[in-house]
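Novice: Quick one: the structure is below, and I'll ask about it shortly.
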Amino acid sequence: MFPFRVEIKPGAPVYEQVIHAVRKAVLKGQLLPGSRFPSVRQISQELRINPNTAHKIVALLTAEGLLAVQPGLGTVVQKPPRASAENRAALLKVDLEHLVVEAKGLSITLSEITRALEQHWEKIS
Amino acid sequence: MIEPVISAENLGKAFGPVEALRGTSFTVPRGCIYGLLGPNGAGKTTTIKILMNLLRPSAGRAEVLGRDSKNLGWRDFQRIGYVSENQLMPDDMRVGELLDYLEPYYPTWDAALCNELLQQLELPRDRRMKNLSRGMKMKASLLASLAFRPELVVLDEPFSGLDPVIREDFSRGLLSTVSESEWTIFLSSHDIEEVERLCDWVGIMSPGRLLVSEPLEDLLRRFQRIDVTLPAPPTPAIDWGADVLRAETSGVTVSLVHQRYSGDATLAELRAKIPPSSTLYPAPMTLRDIYLSFVRKHQSSNP
């Protein structure tokens, strides 16, 4: 089975969307450190994306330290970096930006949006 | 620089008085998946037929795998896989018979890959071609043009009329073979979402002309929609400059399509043209938005 889920939507670059999904899966504990990461070919086929894009995804995640190449094993998921509260917050950055832009467009104030957030928070938790 | 797999210089084609293609120049680098988008009648198939030496250009020239397209012959087609929408197939042959028949024509035919693709594309070896559905037929012709590991695969409207499941099978079949070697794929399509996923280079055609040809990432980066809200309806109309492809005004809001967006510098440039109390909201565009902006712009300027 493919170890992480991503629904690719038009608009944002495909590699950003997939990298975001991988980071999320690692931080949520769905992709465990030490487990094998799919190959470029598997990523390309499974997600139906350009092989060059799949290659770029693996290269960027490797540069970031989230993946490492282990001889004989292939690409392996690494322990996520320590400052994880910050990393977790970074995952919401795009959604937050979107929310702020929409709110400003509709002339909703910061306190109104904070209140709305709190209400939703209560509803769900 | 590595020699491109395809390069076209000023290609033109006239059918009698009708100019189907004018001044079309582009290159397709090795190892990329190039998607050619355009409305019906834009000249996509004409371009592909010239590249495949099925049509002679009336002007300009094209090189394919280092050869003038006008001189492409059977030896070259041992290195090129070509699938077109309405390909003629030997109807009475079974799928397996067709593959056995084709094999000796290609020195590089890979029987193992052929079997792998048969399974992956779920094609029945013993079914006659005439009894295959449209989707199955397309998959069979894809298989026939991939099994000899061509350097270049040319697909004319491969997704049109395929149901979503077959379309996925088709894309996966294509990707399973390209991702292990440096193959180049050149395809034309109406399916913008599929092109946005699969392709790393795109070209956009509007009747007879190629309007853009560049890496998809560059295109998505430089295009931006900017919604401007003005204090009052703009009279006279504002001159936004040549970098704005389209400007649609409705009351006090103007929706701009900017084609050379560079963040704050662009916004500052635009701000200088409008009253200080206006607001500007930039938002990224999808390939579909960009495509439609080009086509609509062309339609409104050439009635």
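Novice: Could you grab me the full set of residues in the stretch A:57-76 that are surrounded by fewer than 13 Cβ atoms within 10 Å (Cβ to Cβ) and either of a type in the set (Gly, Ala, Ser) or not in a strand (DSSP E or B) (or both)?
Specialist: Matches in the stretch A:57-76: A:Ala63, A:Gly65, A:Pro71, A:Gly72, A:Leu73, A:Gly74.
Novice: So B:Asn86 fits all but one of (1) over 30 Å from B:Phe15 (Cα atoms); (2) surrounded by fewer than 18 Cβ atoms within 10 Å (Cβ to Cβ); what number is the exception?
Specialist: Exception for B:Asn86: condition (1).
Novice: Now a separate question. Is it fair to say B:Ser188 is within 13 Å of chain A (Cβ to nearest Cβ), touching a residue at least 40 places away in the same chain (Cβ under 8 Å) and touching a helix residue (DSSP H, G or I) at 6+ places or on another chain (Cβ under 6 Å)?
Specialist: no
One line per residue, one yes/no per condition, for (1) crowded, with 22+ Cβ neighbours inside 10 Å; (2) away from chain A (no Cβ under 14 Å); (3) under 19 Å from B:Leu198 (Cβ atoms):
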| position | (1), (2), (3) |
| --- | --- |
| B:Ser7 | no, yes, no |
| B:Phe15 | no, yes, no |
| B:Val18 | no, yes, no |
| B:Arg22 | no, yes, no |
| B:Pro29 | no, no, yes |
| B:Leu37 | yes, no, yes |
| B:Asn40 | no, yes, no |
| B:Lys44 | yes, yes, yes |
| B:Leu54 | no, yes, no |
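Novice: To continue, here is another question. Please tell me if B:Val154 is at pLDDT 95 or above and aliphatic (A, V, I, L, M).
Specialist: Yes: the conditions hold for B:Val154.
Novice: Inside the stretch B:272-303, can you point out the residues that are assigned to a helix (DSSP H, G or I) and loosely packed, with under 13 Cβ neighbours inside 10 Å?
Specialist: B:Gln299, B:Ser300, B:Ser301
Novice: From the list A:Lys104, A:Lys79, A:Lys9, exactly one residue is outside any helix (DSSP H, G or I) and without any contact (Cβ under 8 Å) to a residue 12 or more places away in the chain. Which is it?
Specialist: After ruling out the rest, the residue left standing is A:Lys9.
Novice: Another question about this same structure. So which residues in the stretch A:12-61 are over 24 Å from B:Ile192 (Cα atoms), out of contact with any Gly (no Cβ under 7 Å at 6 or more places or on another chain) and free of Cβ contacts under 8 Å to residues at least 40 places away in the same chain, if there are any at all?
Specialist: Residues satisfying the conditions are A:Ala25, A:Lys28, A:Gly29, A:Gln30, A:Pro38, A:Val58, A:Ala59.
Novice: Which of (1) closer than 20 Å to B:Ser300 by Cβ; (2) within 20 Å of the chain's Cα centre (by Cα); (3) modelled with pLDDT of 90 or more does B:Val257 not meet, given it meets every other one?
Specialist: Just one mismatch for B:Val257, condition (2).
Novice: Residues to consider are B:Val228, B:Val257; find the one that is away from every other protein chain (no Cβ under 14 Å), surrounded by 15 or more Cβ atoms within 10 Å (Cβ to Cβ) and part of a strand (DSSP E or B).
Specialist: B:Val257
Novice: Here is a follow-up. Return the pairs, sorted by first residue and then second, in which the second residue is acidic (Asp, Glu) and surrounded by 19 or more Cβ atoms within 10 Å (Cβ to Cβ), the first residue lies in the stretch B:198-223 and is within 8 Å of another protein chain (Cβ to nearest Cβ) and in a helix (DSSP H, G or I), the beta carbons are less than 9 Å apart, and the residues are 6+ apart or on different chains.
Specialist: Cβ pairs passing all conditions: B:Glu217/B:Asp200; B:Leu220/B:Glu196.
Novice: Restricting to the stretch A:12-55, count the residues that are touching a Phe, Trp or Tyr at 6+ places or on another chain (Cβ under 8 Å), more than 12 Å from chain B (Cβ to nearest Cβ) and not in a helix (DSSP H, G or I).
Specialist: Summing the residues that are touching a Phe, Trp or Tyr at 6+ places or on another chain (Cβ under 8 Å), more than 12 Å from chain B (Cβ to nearest Cβ) and not in a helix (DSSP H, G or I) in the stretch A:12-55 gives 2.
Novice: Same structure, new question: Cβ-Cβ below 6 Å, separation at least six or inter-chain, first residue in the stretch B:6-33 and at positive phi, second surrounded by fewer than 17 Cβ atoms within 10 Å (Cβ to Cβ) and not polar (S, T, N, Q): which pairs?
Specialist: Matching pairs, first to second residue: B:Asn10/B:Gly23; B:Gly31/B:Glu182.
The values are calculated or read from the model by the stated rules, or taken from the named source; none is laboratory data. Here the structure is a predicted model, which means the values were calculated and not measured. Backbone-built Cβ (ideal geometry, glycine too); neighbour counts: all protein chains shown.
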